[in-house]
Every structure is written in C-alpha cells, then in structure tokens.
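The values are calculated or read from the model by the stated rules, or taken from the named source; none is laboratory data. On a predicted model such as this, the values are computed, not experimentally measured, just so you know. Neighbour counts are summed over all protein chains in view; Cβ atoms, including those assigned to glycine, are modelled from backbone coordinates with ideal geometry.
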Amino acid sequence: MNLKSIILLTGMVLPASAAFSQYTEDILRFSRTEQGSTARFRALGNAQTALGGDLSSLNSNPAGIGLFTRSEFTFSPDFLSNKADAKYIETGSSVQKDKLGISQVGLLFHSPSRRLKGQDLDKGWLSVNFGASYNKNSNFNSTVSYGAVNPRSSFADFIADRSNFYLGNGDPANNSSALPRGWEDMAYSNYQTEYSPGGYFATTSVNNNQRNITYTTGNQSDVNLGLAANYSNQLYIGLSVGLSSLKYDSDRTFTEAGANREFDDQDPNFIGGSYRSDYRSYQQTDGSGINVKLGLIYRPTPIVRFGFSFISPTWYSLSDSYSEGLTTAYTRSNGTAILPAYTNSDATYNLEYNLRTPYKVNGGLAIIVSKIGLLTADVEYVDYSSMHFSSSGDIDTENNTNADIRELYQGALNLKLGAEVKLSSPLFLRAGVNRNGNPYNNIDYNLTTYSAGLGYRMSSFYVDLTYTGTTDKYNTMPYSISTTYPDFDFTGPGDNAQIKNKRNNIYATVGFRF
C-alpha cells in the first residue's frame with residue numbers, strides 16, 4: 001500500500017470520518033490557482049474581469065486586450081518571502097524562505113481595421129488585437145518546520161497501529177499473511193515494532209524528541225495565446241488558449257530520538273538503551289495541460305464597464321513519483337552502538353494520471369472616472385466538486401479519489417475588490433482585497449489577500465510596484481494514531497501542529513508601448 005495518504009498530511013487536517021485518498025489533497029492544491037497578472041492588477045486585488053486594458057487579461061478575461069489602442073510589451077519579476085510559524089505540543093518554531101522569480105511576461109500587437117474614406121471611425125469592428133503572455137499562477141515555495149518532546153506517543157506507535165489495522169492480530173511467526181509488508185515491514189525489520197499475542201506494539205518509549213521539516217518547491221504557469229476584437233468601443237470579445245505547466249516537489253524528513261521501551265523477552269542489548277529514527281519521503285509531480293478562456297466586456301457608458309469570462313477546466317497529464325525510507329540506529333546504555341544503523345532501501349511508487357481542474361465563471365463591474373480613478377469588483381465561482389482524477393493503471397485509486405472529491409469539496413465564491421486613485425499625473429495609488437471562498441464541505445476555511453501599490457505612467461513607458469500579503473492558518477500532524485490502539489491513551493487521533501503561514505510578495509511590472 002502507498003502510505004502517502006496516511007502521513008504526508010502537509011496541508012489541513014480533514015475530518016477523520018472522510019475516506020481520504022492519497023491524491024485528493026494534491027488535486028485541490030493543483031486546482032486552487034490564482035490567475036497570474038501584472039503588478040497593477042495584483043494591486044487591485046485581481047479584480048480585472050470588467051477592467052481590461054492589461055496584458056494579463058489574456059489569463060483571465062481575454063476580451064480585455066481588445067481595449068488596447070497601441071502595441072505593448074510587459075515584464076513582471078516577483079519576490080516571495082514565506083514565513084511559517086509553527087506550534088507543536090506547546091513548542092514554537094519559525095522558518096523563513098525567500099525566492100525571486102518571474103511572474104508575467106507579455107507581448108501584444110494592435111491591429112486596427114482598415115476603414116474606407118468617409119466611414120465612421122467609431123462604429124463597427126474597429127480592431128483585432130493579438131497577444132501572448134506567460135503567467136505564473138501558483139508558487140509552491142515554502143519551508144515548514146516544527147518539533148517538541150512528545151510525552152504521549154512515538155512514531156513507532158503509529159506504525160504498530162497501522163500494522164494492526166492492515167494485518168490483524170495474526171502471529172507472523174506462524175502465518176505468512178500476517179507478516180508486515182511495505183512500510184510496516186521497514187519498521188518491523190528495524191526493530192521499531194514487535195509482535196505479541198495482542199498484536200504489534202512499539203519498541204520505543206514516549207518523551208522522545210521529534211522534528212518534522214518539509215520543503216516544497218515548484219509552480220504552475222500558463223502560456224496564453226489569444227485575440228480580442230473591439231466593436232464600436234462598446235463591446236469587446238476575446239478568446240485565449242492556455243498551455244499549462246506544473247512542477248511540484250516535496251521533501252520531508254521526520255526525526256525522532258529517545259529511550260528504548262522495556263518489554264518481555266527483549267534482547268538485553270536494547271535494555272536501558274536509546275534510539276534515533278529518521279523517516280524520509282520525497283514527492284515529485286510534474287506535467288502539462290491545456291485550457292480555454294472566453295470573455296466579453298460591455299461598456300454602455302464611458303465610465304461603466306461590465307465583464308464576464310469563462311475559464312475552462314485545465315486538462316492535465318501528470319507524472320507522480322513518491323519514495324520513502326526509514327533508518328534506525330540503537331545505542332547501548334553505555335553509549336556504544338548496538339549494530340550499524342538499520343537502513344531500508346527506499347520504496348518508490350509511480351503513477352501516471354490525468355487531472356481535470358474545476359471550471360471558473362467570473363462576473364465583474366468597473367466604474368472609471370478618468371481624472372479621478374476607478375473602482376472595480378469581481379465575483380468568481382469555482383466548483384471544486386467538479387474536479388476529476390483518472391488513471392488507467394489503478395482503477396481502485398481512481399474510484400476512491402473521485403468519491404473523496406465529491407464528499408470533501410464544494411463550490412466556492414471568490415470576491416475581489418480594487419481601487420485606483422490618480423494622485424498627480426503621472427502617479428497612481430492602488431489598493432485591493434481578494435477573498436477566496438471555502439473549498440471544503442466540512443471545514444471552515446477562507447483565505448484573504450490584501451494588496452497595495454503605486455504606478456508611474458507616461459505615454460510610452462510605465463512602471464508599477466505592488467505588495468501583497470496573505471496569512472494562511474491550518475493544522476497538520478506528523479502521523480495519526482487510531483484511538484483504539486491499545487498503547488495509546490490520548491483521546492484524539494494525534495498531536496496537531498498549528499501552522500501560521502505568512503506570504504509577502506512584491507511584484508514589479510515594466511511596460512513599453514509602441
């Protein structure tokens with residue numbers, strides 16, 4: 001059995017009653033994307049559906065590029081500072097990770113329609129604009145670390161619990177079907193677990209020092225190719241095709257050190273001694289996909305704009321490789337090693353699968369007063385229950401994962417607001433808020449991003465600078481033990497680590513019109 005689902009709970013802890021499949025949290029992770037944009041739209045809370053006039057419209061509402069009256073090139077670097085504060089068994093810790101990158105690059109060509117002499121220059125199809133852009137939609141770079149002295153359980157308690165759950169209480173000495181297998185075999189061969197008539201039990205004691213460190217890297221991005229048409233400076237319609245790329249790496253280490261447990265028939269070498277255990281896992285997921293974006297903007301008056309866009313699911317083809325291993329070293333009471341450390345060869349699980357992310361529907365309103373500024377607002381609906389997992393190689397995993405998706409996830413509304421004030425030409429001040437709705441059925445969870453920025457805009461050149469801040473709070477645990485495990489008297493499934501993840505981003509966009 002692939003135990004990725006059991007211990008790699010690096011996200012939120014879901015209800016214990018849910019049949020949580022190993023890929024279900026990954027699917028949500030790869031589906032909760034923010035449409036990557038320029039620094040200006042980031043400052044406006046990404047409320048861009050009705051606004052347009054920006055190259056990142058290709059990634060959200062392609063009708064927005066129909067408002068251009070000149071060709072344009074943009075380049076947007078970004079800086080991420082991710083700080084994770086953790087509290088585990090009343091012990092706090094903090095880790096910060098910084099990363100430079102590229103958020104957006106775009107190029108647009110303005111193509112006005114040919115007008116006959118005497119024709120009204122403001123009526124009919126006035127232009128068709130073509131554009132291409134790169135947009136980073138997710139940034140997975142983070143480090144989370146927590147640790148403490150655990151007075152209630154050890155890692156081996158968890159493994160013994162899983163061995164009893166999957167293997168029953170048959171004696172492995174007399175019943176080959178009761179022999180540990182997979183990851184349970186690692187612990188059994190490392191002498192972290194033993195068997196008695198009552199079942200498997202841990203050979204390690206409590207009051208051990210535990211430390212969990214998880215490093216994640218990677219991102220999701222789209223290369224968008226699209227066009228938009230302008231009808232009478234009132235109606236703009238657009239289409240873009242997104243070629244998506246995904247790369248996600250997770251490297252986890254869980255270490256534990258403490259005293260050996262004493263029990264009947266124990267090898268005298270282990271009595272009064274100590275141990276150190278190192279569990280390691282590594283996940284690598286990458287692949288590509290495709291999506292389509294359709295949109296329109298209607299401008300009934302010079303100051304009012306309505307927008308609508310539909311973003312199709314992204315159809316991904318992904319490769320997932322997951323490996324894990326365990327090493328245990330024992331020391332006698334006099335400090336000498338009992339034997340060389342027991343090290344298992346890493347077990348590796350590979351799967352090729354297809355993922356369909358949820359579709360998105362956006363509606364927006366913008367009010368623009370040219371000499372003062374603008375207000376813009378979006379409502380976005382995302383149906384997370386429509387996500388779909390498929391794999392030709394593992395029908396049980398496919399069925400279980402899709403059943404979990406339907407049980408655990410729901411549709412959510414995202415609300416986005418932004419404002420821009422013209423200070424004194426050519427300076428602009430911007431602010432925004434972006435509130436993502438709850439994708440979970442049975443957990444209260446929302447995520448809010450606040451933003452602020454400045455803009456300096458000339459006729460053929462501009463620079464925008466934006467700050468965004470997000471705080472994400474969730475619980476996780478290094479392992480989960482059932483309350484029926486005989487050696488575990490703690491009321492609950494395990495010890496939670498409370499994570500407070502602060503993401504501070506700085507975006508800059510440089511643009512040239514020609």
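If you go through the range 187-209 one residue at a time, how many are surrounded by fewer than 22 Cβ atoms within 10 Å (Cβ to Cβ) and either among the aromatic types (F, W, Y) or under 17 Å from I338 (Cβ atoms) (or both)?
Matching residues across the range 187-209 total 7.
Among the residues of the range 83-97, those identified as part of a strand (DSSP E or B) and either closer than 25 Å to V149 by Cα or at pLDDT 95 or above (or both) are K83, A84, D85, A86, K87, Y88, T91, G92, S93, S94, V95, Q96. Are any of the residues in the range 460-477 modelled with pLDDT under 90, outside any strand (DSSP E or B), over 27 Å from V144 (Cβ atoms) and not β-branched (V, I, T)? No, because not a single residue in the range 460-477 is modelled with pLDDT under 90, outside any strand (DSSP E or B), over 27 Å from V144 (Cβ atoms) and not β-branched (V, I, T). Close Cβ contacts (under 7 Å, 6 or more residues apart or on different chains) running from residues in the range 11-37 that are part of a loop (DSSP other than H, G, I, E, B) to residues that are at pLDDT below 50 and charged (D, E, K, R) comprise Q22/K4.
Conditions tested, residue by residue: (1) farther than 23 Å from R152 by Cα; (2) touching a strand residue (DSSP E or B) at 6+ places or on another chain (Cβ under 8 Å).
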residue: M186; (1), (2): no, yes
residue: T193; (1), (2): no, yes
residue: G199; (1), (2): no, no
residue: V206; (1), (2): no, yes
residue: T216; (1), (2): yes, yes
residue: A228; (1), (2): yes, yes
residue: S232; (1), (2): yes, yes
residue: L239; (1), (2): yes, yes
residue: D267; (1), (2): yes, no
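For every residue, the table says whether it meets (1) in a strand (DSSP E or B); (2) among the basic types (K, R).
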| residue | (1), (2) |
| --- | --- |
| R276 | yes, yes |
| S288 | yes, no |
| F310 | yes, no |
| P313 | no, no |
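Tally up the residues in the range 442-457 that are modelled with pLDDT of 95 or more and of a type in the set (A, V, I, L, M, F, W, C), please. Residues meeting the conditions: 2. Listed conditions (1) in a strand (DSSP E or B); (2) closer than 23 Å to E380 by Cβ; (3) of a type in the set (V, I, T) are all met by T49, apart from (1). When we screen S370, S391 for residues that are among the small types (G, A, S), modelled with pLDDT under 95 and crowded, with 16+ Cβ neighbours inside 10 Å, the only hit is S391. Could you please find all residues in the range 101-113 being modelled with pLDDT of 95 or more and not in a loop (DSSP other than H, G, I, E, B)? Across the range 101-113, the qualifying residues are G101, I102, S103, Q104, V105, G106, L107, L108, F109.
Among strands (runs of 3 or more DSSP E) entirely within the range 114-212, having at least 2 residues that are among the aromatic types (F, W, Y), at positive phi and modelled with pLDDT of 85 or more singles out no element at all.
Condition first: under 17 Å from the mean Cα position of the chain (by Cα) and assigned by TED's automatic domain parsing to the domain that holds Y384. Can you find one or more residues in the range 411-427 that meet it? If you could, list the steps in order and put the result at the bottom.
Residues of the range 411-427 under 17 Å from the mean Cα position of the chain (by Cα): 412, 414.
Subset that is assigned by TED's automatic domain parsing to the domain that holds Y384: 412, 414.
Yes; the residues of the range 411-427 include at least one that is under 17 Å from the mean Cα position of the chain (by Cα) and assigned by TED's automatic domain parsing to the domain that holds Y384.
So is I405 touching a His at 6+ places or on another chain (Cβ under 9 Å) and either closer than 13 Å to T24 by Cα or in a loop (DSSP other than H, G, I, E, B) (or both) or not? So I405 passes the test. Just one residue in the set L100, L67 is touching a residue at least 24 places away in the same chain (Cβ under 8 Å) and not polar (S, T, N, Q); that residue is L67.
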